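In what follows, a structure is listed as structure tokens, so that the remarks can point back to it.
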Amino acid sequence: MKERKFVLILGDGMADEPLDELGGQTPLEYAQTPNMDRIAREGCCGLLRTIPPGCEAGSDIANLSILGYDPRKYYTGRGPLEAASMGIDLAETEMAYRCNLVTIRDGTMTDFSAGHITSAEGAALLSDLQKVISPVRIFPGVSYRNVLVLPDAKGAKTVPPHDIVGQEIDRYLPDGKDAKVLRSCIEASGRVFDHHPVNSARISRGLAPATHIWPWSGGKTPALTPFAEKYGISGGMISAVDLLRGIGRCARMEVINVPGATGYLDTDYQAKARYALDALRYLDFVYVHVEAPDEAGHLGSLVEKVRAIERVDAMIGTILDGCSACIAVLPDHPTPLRIRTHSPDPVPFAILGGRKDGCKSFCEREAADGSSGVLEGTQFMPLFLTGTPG
């Protein structure tokens, strides 16, 4: 296996449902994806159940599964994974929570990303918030994605803000042992952000203000078996998203920085391809994550989702032309436009470099007829690396 190279391309949230406006096709079926289709035609296909029963349909759960780390054993929360990406060391008594900048109007969650606020704007808001919430620590991240660290933490039941867009927040506020301090931080952010110069400037430009923070998915640092120890090969992670970068760091993979990678619709797809090809010169395995299809799904934008899928396909074309590695393509979970959030349904996958199924294209329907059938998430890496599911 050491003599072979492997590239896994993860189009976050690419899978979807058949849509009337597409004549009953899914966005994957409708989009022009000659490179994904080639992988499906010349390789093997199947469906992958990335969300184990009882687990939330999150990218954290799904990507851990795909990498072969059973979430039921290793998952502690999304927050500590993102903290790891940011180089935040947690004490044994601390918990890290993912902390969105959000827009709440009249008690209703109207935007889970505060209009995709810029990183600089978010940092300015959080700098002023930090002054009034000590000893709680808050760390600015990319755009609306940040990390909040609680001392002497016990845990809380929380809800992702992208799951409650358009709903009143009262019944979704944090509950449990850490609820009091988390709620106090949310309330403090409302006071600090109200009429803040950053928000005043955004409103004057017709943009959504960041009215509050929203902490969710807290936990302590997970103890993942190092990737090289688990599989006997070296691995690298390419992603603009702290969550994936954090998983990579916790698994002792090389986290590769790509200029122009934004974690949004405007990311530099071709730069990711070039950096992946360069990494294959010294690594055995490269995981290339693209967030854009998921963001389009959360926005409910069919046009942007199809565009993102086609740009992922063009990126794959560059990788196919530039190497002879075994290549896999798949989403981590569906992000159906109808519901604008994640679903736990199995996702299609295709692997080029082993047996051939004869599937006509890469999509949900074709993959269901693939020779691999329906696999559990943790079976994927053994199948990809050895040709036999674990």
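The values are calculated or read from the model by the stated rules, or taken from the named source; none is laboratory data. As the structure is a computational prediction, the values presented were derived from the model and not from experiment. With ideal geometry, Cβ positions are generated from the backbone for all residues, glycine too; neighbour counts draw on all protein chains shown.
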Given the condition buried (at least 16 other Cβ atoms within 10 Å of the Cβ), under 25 Å from the mean Cα position of the chain (by Cα) and assigned to a strand (DSSP E or B), answer yes or no: does some residue in region 178-194 qualify? no
Here the residues within region 152-177 that are more than 15 Å from GLY79 (Cβ to Cβ) and either among the hydroxyl-bearing types (Ser, Thr, Tyr) or assigned to a strand (DSSP E or B) (or both) are GLU168, TYR172, ASP175
Of all residues making up region 264-293, the number that are assigned to a helix (DSSP H, G or I) and either closer than 25 Å to HIS342 by Cα or under 15 Å from the mean Cα position of the chain (by Cα) (or both): 4
State all residues of region 314-366 that are assigned to a loop (DSSP other than H, G, I, E, B), among the hydroxyl-bearing types (Ser, Thr, Tyr) and within 22 Å of ALA296 (Cβ to Cβ); if no residue qualifies, say none. THR335, THR341, SER343, SER361
Quick check: anything in region 303-318 small (Gly, Ala, Ser), assigned by TED's automatic domain parsing to the domain that holds GLU17 and over 19 Å from PHE112 (Cβ atoms)? yes
Some residue of region 298-312 being surrounded by fewer than 23 Cβ atoms within 10 Å (Cβ to Cβ) and part of a loop (DSSP other than H, G, I, E, B): yes
Region 58-150: strands (runs of 3 or more DSSP E) wholly inside it with 2 or more residues that are in contact (Cβ under 8 Å) with a residue 24 or more places away in the chain and of a type in the set (Lys, Arg) are 95-105
Would you pick out the residues in region 237-273 that are buried (at least 18 other Cβ atoms within 10 Å of the Cβ) and in contact with a Phe, Trp or Tyr (Cβ under 7 Å, 6 or more places away or on another chain)? MET237, ILE238, ALA251, MET253, ILE256, VAL258
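Test of understanding: among GLY54, GLY77, which residue is more than 16 Å from the chain's Cα centre (by Cα) and either surrounded by fewer than 24 Cβ atoms within 10 Å (Cβ to Cβ) or outside the structural domain of ILE138 (by TED's automatic domain parsing) (or both)?
Going through GLY54, GLY77 in turn, the sole match is GLY54.
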Residue set PRO334, PRO344; condition closer than 21 Å to GLU56 by Cβ, of a type outside the set (A, V, I, L, M, F, W, C) and surrounded by 21 or more Cβ atoms within 10 Å (Cβ to Cβ); output residue PRO334
For ARG311, indicate whether it is within 22 Å of GLN25 (Cα to Cα) and in contact with a strand residue (DSSP E or B) (Cβ under 9 Å, 6 or more places away or on another chain). yes
Could you tell me which residue of region 117-156 is farthest from ASN100 (Cα to Cα), considering only residues that are acidic (Asp, Glu) and modelled with pLDDT of 95 or more? ASP128
Restricted to region 337-390, and to residues that are touching a His at 6+ places or on another chain (Cβ under 9 Å) and not charged (D, E, K, R), which residue is nearest to LEU28 (Cα to Cα)? VAL347
